[in-house]
Every structure is written in C-alpha cells, then in structure tokens.
1. If a/c stays under 1.5 just call it rounded; otherwise compare a/b with b/c (prolate if a/b is bigger, oblate if not). Do that for chain A, with a ≥ b ≥ c from the square roots of the Cα gyration tensor eigenvalues.
2. From the phi angles alone, apply the Karplus equation (6.51, -1.76, 1.60; θ = phi - 60°) to region B:106-113 and give each ³J(HN,Hα) in whole Hz, x where the residue is Gly or Pro.
3. Using only Cα atoms and rounding to the nearest 10 degrees, what angle (0 to 90) does helix B:92-102 make with the longest principal axis of chain B?
4. Name the residue, out of B:332, B:146, B:316, whose mean-square fluctuation peaks in a Gaussian network model built on chain B with Cα pairs under 10 Å.
5. Write down the Kirkwood hydrodynamic radius of the protein assembly as shown, to one decimal in angstroms, obtained as one divided by the mean of 1/r over all alpha carbon pairs.
6. Using +1 at the Cβ of each Lys and Arg and -1 at the Cβ of each Asp and Glu in the protein assembly as shown, identify which of B:265, A:203, A:117 lies farthest towards the dipole's positive end.
7. Could you report the buried accessible area between A and B, both sides summed, computed with a 1.4 Å probe and given in Å² to the nearest 100?
8. By a straight-distance test (C-alpha under 18 Å), which lysines pair with residue B:302 as possible cross-link partners, with residues fewer than eight away in the same chain excluded?
Amino acid sequence: MAAATASRSGLRSALPLLTPAYLWLTVAIFLPLSAMVFFSFMTELPLSGKPWAFTLGNYAAFFSQSLYLTLLLASLRLGLEVTLWCIVIGYPAAYVLAKVLKGRSREAIFLLVILPFWSNGLVRIFSWAMVLREGGILDTALNAVLPFKINIDLMYSYPAVIIGLVHSYVPYMVLTCYLTLQAIDDSLIEAGRSLGASRLQVLKRVIIPLSMPGLVAGAALIFVPVVGSFMEPRILGGRTGTFYGTVIEDQFVAVFNWPLGAALSFILLAVVLVILAVASPVLRRAA
Amino acid sequence: MAGVQVSDVSRSFGAHKALDDVSIDFADGGFYALLGPSGSGKTTLLRQIAGFDFPDSGRITIGGESVERVPVEKRRIGMVFQNYALFPNMSVADNVAFGLSVRGETKAVIETEVQRALDLVQLGKLGGRRPHQLSGGQRQRVALARAIVTKPRVLLLDEPLGALDKALRVDMQIELKRIQREIGVTTIFVTHDQEEALTMSDRIGILRDGRLVQEGPPEEIYNRPKSEFAATFLGDANIFRGDTTGDGIRLADGTAIVAGVGATLAAGAKASCAVRPERIRIATDAGAPDGNPNTLKGQVSKRIFAGNNSTYFVERGGQTLKVIVQNTGMERLAEGQDVVLRWSPESTVLIAVN
Ligand SMILES: Nc1ncnc2c1ncn2[C@@H]1O[C@H](COP(=O)(O)OP(=O)(O)OP(=O)(O)O)[C@@H](O)[C@H]1O
Ligand SMILES: [Mg+2]
C-alpha cells in the first residue's frame, strides 16, 4: 500500500523530467513521420503546386518492378555482412577491453575504438577513399613492402563499401558487447576453467551466452541503419554502390519523387521490423 | 586423490608481498583450514594452488607432481568460490553437469552423476531451477556439488560459508564435513572464522602478512601457540609480559608466573605467557589456596553473561584479564569485588617475543 503510493508519487514527480523528452520525440519524430506516411499515399507532393490525389501506386511500384526487390535483397545482404564483420571485429575487441586490459591501457584503447564515432562521417569516408584507391595509401604501402608489383584498387567496389560501413558501425558493437562482458564476473571464467574447461570452451559455453544481449543489441543497432545506408555505398561503391538506400535518397534529392521515396522507406521499415520480430525469439532462446 | 605440497612459495604484487616464503604440506585426504586476518594472503595461496595465478618463486606439487606448467583445467581441482560463481545462464543441473560435459562424458553418465551429486548435497529435486531461484545456502550447496562431481584430486574452498547466517552456517559445516569424509578428497578450506577452523579441520595454518605463522592440529595450536598473534587470533588469551626466569617469567612488579608448556628460553630474555580465559579459576578472597603457583589478586570490573558461561573482566596492575566461568548455578561475583585468580603451570604457555 505504502509502496504503491510511493511509486505513484514517484511517477508524478518524474513527469516534469519526462515531458521534454516526450515533447521532443513528438515534434522531431512523430510529426514528420506521420507527414511522410501521408505523402507516401499521394500522387504528387502538395507543396509542388501540382494537382494531387490519394493513391496506392507508390507501394505498387515496389512490387511491379523487380529492381526494387533486387536492391532490397542486396541491401539486406549488405546489412547482414556488415553486421557479421562488426561482430567478428568488435566482439574480440570488446572482450580484450573488458577482460584483459586494465587501467590506463584500457582507457587508451577505448578512445581509439570510439574515435570514428566522433569524426565526421564524410571525413571518415573520404579518408577511406584515399586509402583504398589505386595508387592510394594501401596500394603504395603494400608495394613498398612486397617484392612483387601488385595493384590494389578496392575503390568503387563492394569490399570498399563493406570496409567503410564496418568502420563506421563497429563502435556500436564494441560498446554494447563491452557493457555485457564487463558485467560478467571473472570468477565465472575461473570456475569454468577449474571444472576442466579450456579457455575456448569457457568462451563458447559461458561467456558468449552471457554476452548475447550485447551482441543482439549491437546487431540491431547496426543492421537497421546499414540496410538503409546511402552515403558509404555512393562514395565508396561508385557504380557498384547502388543499393536500396541510395535509390530512396535519389527520390528525395535528385528525382524529387518524395511520395515514392517515402513509400520505399516504409516498405524497408516493415521488412526490417519483420526480420527483427522473427529473429528475436530465436536469439532469446540461444541466450 | 592427492596431497598438495607448497614449498617456499612467494608472490608479490608490486612492492607488496602477498605470500612470503610459505611452505605447507597438505596431507592426502586431510581437511586443512587456512586462517588469517583480511589481506593475509589466504586467497592468494589458494589461487596459486588452483593455477589462476603463479608464484614468483617456490614450488607447488599436487600428487607429487610439479604443477608449474599445468594449466588450471588440467590440475583436476574443484573450487568453491566465496560468491558461489554459479553460471546464471544454466539450470542447477547444467551447472553441476558442466565439468562432466566439457570432459565429453556421455549423456547417461552425466545424468546419473549429476543426480548423485545433487542428492549428496540434498538438492535432488531442484535440478531444474535457475541459480537465481535458490537461497544462499542452496546456491552454496550447488557450488559444492559442481566442484565435487568431477572427482577432483583437491577441493579448494574460499570462505564458502562466509555469506551464511549462523544457523545455516553450522548446518553447512556439518554437511561439508560429512561430504568430505564420504569422498575423502584433500580439502583446503579458507576461513575468517576461528571456531569454524577449530571444529572442522584436521590441521590449521595461520597466515599473517603473507607468512605462515603456525601450523598444526587444532588442539596443538590452541594449547601451544608459538606467538602472541597465534594465541590471540585463534581463541582468546591473557598475555603477560616479562623477563624469562627459567620456568616462566617475572612481571615488572616482581610477580613470578610459572609456565609448564611452550618454548624453552634462556633466563633474562624478554618473553610472554599466554593463558586461556577458561583455564583460570576465580574465587573470592576467602577461598583456600589450591597449591597452584600462579596466583594473582584483582578486582572484578565487569561481567558479561553469555548464557552457558560468563566472562569476568578483572583489573590487576593496570591490565585487564579475562576469565570465563561456566554458569553452573553457583553465586555470581559482583562488579567491584576483590578476587583471587589461580591457574596451573600446564595452562601457561611460554612464548618467545621477537
Ligand atoms: N591481483 C592483485 N593485485 C594487487 N594486489 C593484490 C592482488 N591480489 C591480492 N593482492 C593483495 O595481496 C594481499 C593478500 O590478498 P588475499 O586476497 O590473498 O587476502 P585474503 O587473506 O584472502 O583476505 P580476505 O580474508 O580479505 O579475503 C592483499 O594485501 C591484497 O591487497
Ligand atoms: Mg580472500
């Protein structure tokens, strides 16, 4: 009884604290998003002054042209690959940060991992362009060390897109995994080893299952934006960099077909939500 | 099964010597208690034996073989951690099964062994629960079952009963001792609790600042402490300081105290005598002398009633002495009363002061 009163009064006193956040969410996300839903059912943008009507045509366009589906599948594959690479690179890094390094060296490495987070996205991508192109930094460096001549020209290729995206998104994986790994008591690892398990067995049977929430959170944080990404594919992928995200971007900035762009976005949102909904019980069972 | 020999083991963390030239022989099948104040190196010593940490110098053998190059998982030890360290992502049964399954035992073997281990700790019906659904004492027993199911050569217990309340603690002490006797595994048991060490173990080692202060069977350590620290850390003791006479010491005020046990010391050196509070007889002035050479006069300053016994604090020459008397129904002594204390030389341990 007393506890219930306390929690209700706790909520009431928290209201002033919550209000700005809800207002902000309403203004910044909910209103524009509803406007976009509205647009996606229109023939023309009402702002353009042309006559307009309601239509399902923008959604139908997705199903009538196989190109959109092909691009969506390519983007999903891109999202999957980038997420996997982020796990492969980010998880061990998080493990070393959480369980091996201590004190000063941990802070230093942490900073290095977070750095891409703080640098401007375009700067990041164009630095990669300088590294990856023919006669670029990677090419020159390899040819300086290797006795034979090789030509590294990764620029404007699928691998270049992957590299750029992984670099941008790996900090999310490191952070979420670091947090869950940090919370795992070292004595669990020692208990596992004392019971005869090798380091690898302890990793597989104790540490990975216990850090599953971090892996899942990291994967969701990475997969969703990567599937819709357009900047990295456009700049690093060149002609090979046409993905679902770049097509949506085109509708907004080049073709000015906002209704089609909006419809394509919502189809992507729906697909991603379905994927997450299907994946989450499977992942939860694994954890 | 196997004994454990720790020979001249030292381990420093920076400038701090956590273990300083420690040598202990843990007999095969014995129950050994490591006792010492906080920070004395008990956990550090266990970690060297387990292989979680490595000595800077010295040698450790298990079953006669040096384990210097043997990793934890090959040492065949069982360990119970102070915080239980149960795997939260597994059921109780899976926790217990862990050691067997990483070893690659068949499902049938695992099932029977796990059931047997759980029955042994009287948790046979709780195999399906998760660790967070258990009480502290039950978690404790799961940790024990998990540690013994792999039939380790050595069982290492780091203050396993530390978090339990008194009643549960006593139950667990009895159960632990029963299980240990049943499987006969060499057991090294770290504890803060002197009573626990006295009642459970075959031998006790007392650590202080990384050094082994004294080692031996409980009765020997209790009856013949070799240092003031050992005397006061394991049990309670009245300490008298003075100059050695030949068969005891002479206090600053000239009173002689005759010691029947302990060190043999050259006359004239500084020494102390330790007397357990329950060995001293307390009487009012009127009492007849009983022939004991150790007699002191004092005044009761306080009495603490503790059910079956009472502790009297007796002021004497600027020192407060403790006397424990069984409450057998005889008249109690009032505070402020003059009393005579008497005890035998056999109850007086001569200790060298270093
Ligand atoms: N990894 C470490 N790094 C630095 N110092 C350590 C480390 N492990 C232990 N020590 C130090 O070594 C000393 C002994 O520690 P240990 O944990 O063995 O004490 P203990 O006897 O188990 O104490 P307690 O009864 O409080 O558990 C302490 O002073 C401790 O601070
Ligand atoms: Mg300790």
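The values are calculated or read from the model by the stated rules, or taken from the named source; none is laboratory data. Predicted model only: the values in this text are computed from it and were never measured. Using ideal geometry, Cβ is built from the backbone for each residue, glycine included, and neighbour counts are taken over all protein chains shown. Ligands, DNA and RNA are excluded from the accessible area calculation, which covers all protein heavy atoms including side chains. Shrake-Rupley method; radii C 1.70, N 1.55, O 1.52, S 1.80 Å.
1. Oblate shape, in that a/c is at least 1.5 and b/c is the bigger or equal ratio.
2. Whole-Hz 3J(HN,Hα) from phi for region B:106-113: 6, 4, 5, 4, 4, 4, 5, 5.
3. That helix lies at roughly 70 degrees to the long axis.
4. B:332
5. When all Cα pairs of the protein assembly as shown are included, the Kirkwood radius is 31.6 Å.
6. A:117
7. Summed over both sides, the interface buries about 1700 Å².
8. B:322
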